[in-house]
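Quick notes on the structure that follows.
The values are calculated or read from the model by the stated rules, or taken from the named source; none is laboratory data. For clarity, every value in this text was computed on a predicted model and none was experimentally measured. Neighbour counts run over all protein chains shown; Cβ positions are idealised from the backbone, glycine included. Heads up: the accessible areas ignore ligands, DNA and RNA and are worked out on the full protein's heavy atoms, side chains in. Shrake-Rupley method; radii C 1.70, N 1.55, O 1.52, S 1.80 Å.
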Amino acid sequence: LMGDSVADGATRVGLFGIGLDTYWPQFSGLKERLEGYQGVIAQRLTSLGCEVVDAGLVDTPDRARSASRLFTERNVEAVFLYISTYALSHTVLPVAQGVAAPIIVLNLQPVPAIDYETFNALGDRGLMTGEWLAHCQACCVPEIANVFNNVGVDYHLVTGWLEEQHAWEEIAAWVDAVAVRRTV
């Protein structure tokens, strides 16, 4: 890892979000919204001194294999998996098994809580489902944890909301730990 580290000493991290490709044609604007949240994460990681290798939104097994190759080629020192919405474990496992780097799972909702008054006023089940999916980060955490546990993938979980200071302090601590690991 050290031979390909960033010249300025930045920690090189992989970032990918997960989703389900069948959602995009069903829920207008959902994919773009989730990519926007992932953009916030990339920006925050950059502000922590990371070089971010962003594989985008992984929503199929083929995209997962591509992300794994990208992270391996770029020699990332850690991978941040952003659970942007519900996704199947088979869109995550190829990345986790394909990289030789710690996996930090980000279970970060966009806001502290869904605005249920606005949500319930939507009145359209399709719109409501799309809105729910934009806040469904924790939905597949148990599935991902179970799959990782069953195949022996080491991972760490950060839970909170996108702009929560405590969550970002925990993420910063992981970035620091990865930098120390490189130094040692």
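Points worth noting:
- Residue count, the stretch 102-130 (criterion: within 17 Å of the chain's Cα centre (by Cα) and either open to solvent by 20 Å² or more (accessible area, probe 1.4 Å) or acidic (Asp, Glu) (or both)): 3
- Just so you know, in the stretch 7-66 the residues that are among the charged types (D, E, K, R) and in a loop (DSSP other than H, G, I, E, B) include one that is surrounded by the most Cβ atoms within 10 Å (Cβ to Cβ), and it is ASP59.
- The criterion of being open to solvent by 50 Å² or more (accessible area, probe 1.4 Å), outside any helix (DSSP H, G or I) and within 21 Å of ALA78 (Cα to Cα) holds for LEU157.
- Those residues of the stretch 60-85 which are of a type outside the set (Gly, Ala, Ser) and under 12 Å from the mean Cα position of the chain (by Cα), in sequence order: VAL79, PHE80, LEU81, TYR82, ILE83, THR85
Here's the yes/no breakdown for (1) touching an Asp or Glu at 6+ places or on another chain (Cβ under 6 Å); (2) among the hydroxyl-bearing types (Ser, Thr, Tyr); (3) not in a loop (DSSP other than H, G, I, E, B):
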| site | (1), (2), (3) |
| --- | --- |
| THR72 | no, yes, yes |
| TYR86 | no, yes, no |
| VAL105 | no, no, yes |
| ILE114 | no, no, no |
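- Residue count for the stretch 160-184, restricted to those that are aliphatic (A, V, I, L, M), open to solvent by 20 Å² or more (accessible area, probe 1.4 Å) and under 15 Å from ARG44 (Cβ atoms): 2
- Test: PHE27 is under 14 Å from the mean Cα position of the chain (by Cα) and modelled with pLDDT of 95 or more: no
- Subset of the stretch 131-154 that is in a helix (DSSP H, G or I), touching a helix residue (DSSP H, G or I) at 6+ places or on another chain (Cβ under 7 Å) and open to solvent by less than 40 Å² (accessible area, probe 1.4 Å) - its residue that is nearest to ALA113 (Cα to Cα): LEU133
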